[in-house]
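*Asks:* This structure is in structure tokens; I'll ask about it shortly.
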Amino acid sequence: MEKRPFPTSRKGTLSMINRHGADGLTRCTENVQPPSAPPADIGVQSTWGVIGMLNDYPVYATIATGDLARARSFYEQTLGFTVEMEDPTGGVFYRSGATRFLLYESQFAGTAQQTVATWVVDDADAMIDELVGKGVTFEQYDLPGLKTDERGMAELGPFRGAWFKDPDGNILNVGTGPAA
């Protein structure tokens, strides 16, 4: 367990936090002297102590597959990801910039009908060219508010993006636009 100091509250109380594993949950276990009303800048009071809000923690995509070996081949060989960590329950974590995503087996793989992950890149046109060169086929959409060109690229206000599917039919997206 990693212990780290928790920010001092407005009343000057200092607590220690224990981080528990990859679930991202943080629980206070020592020196907890909660203020009468939790200040907005340090989180909320719970039966576990003072915890941060979700926006204080990284988020990552979880992508289901029905065949982990086949999906790993696609994500590693076609898309170029390197395994960061193998999950003891059978999944695989990949680093992607400052974030990560989990690829795991599920009987529900490919059933989502929406985008499950988006990569904001510097040059979407160049990325599309590179992925097409690796055998990726981009989707064609002609929907209200979403119409792609012959390459699969759509303009959505300040965002330009294109969608493709992994071997399970999960919809993935690459694009350019505001990162924040």
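*Asks:* Hey, got the dipole for the range 70-146? About the Cα centre, +1 on K and R Cβ, -1 on D and E Cβ, debye to the nearest 20? Don't skip to the answer; put the middle values down first.
*Replies:* On the way: 5 positive and 12 negative charges, 60 e Å.
Roughly 280 debye, rounded to the nearest 20.
*Asks:* Which net charge results when you count Lys and Arg as +1 and Asp and Glu as -1 among the other residues whose beta-carbon is under 15 Å from that of Lys165? Write out the running numbers ahead of the final one.
*Replies:* On the way: positive: Arg70, Lys134; negative: Asp67, Glu139, Asp166, Asp168.
Here the count lands on -2.
*Asks:* Place a +1 charge on the Cβ of each Lys and Arg in the range 47-180 and a -1 charge on the Cβ of each Asp and Glu, then give the dipole magnitude about the Cα centre in debye, rounded to the nearest 20.
*Replies:* Values: 9 positive and 19 negative charges, 39 e Å.
Computed charge dipole of the range 47-180: roughly 180 debye.
*Asks:* How are the Cα pair distances of the range 102-180 distributed, in percent, across 10 Å bins from 0?
*Replies:* Per 10 Å bin, starting at 0, the Cα pair percentages come out as 17, 51, 28, 4.
*Asks:* Carbon and sulfur: what percent of the range 130-180's accessible surface (1.4 Å probe)? Could the numbers behind the result be given before it?
*Replies:* Values: 1500 of 2720 Å².
Summing carbon and sulfur atoms, their accessible area is 55 percent of the total for the range 130-180.
The values are calculated or read from the model by the stated rules, or taken from the named source; none is laboratory data. The model shown is predicted, which means the values in this text are computed figures rather than measured ones. We place every Cβ from the backbone using ideal geometry, glycine too, and count neighbours over all the protein chains shown. Only protein heavy atoms, including side chains, enter the accessible area calculation; ligands, DNA and RNA are left aside. Shrake-Rupley method; radii C 1.70, N 1.55, O 1.52, S 1.80 Å.
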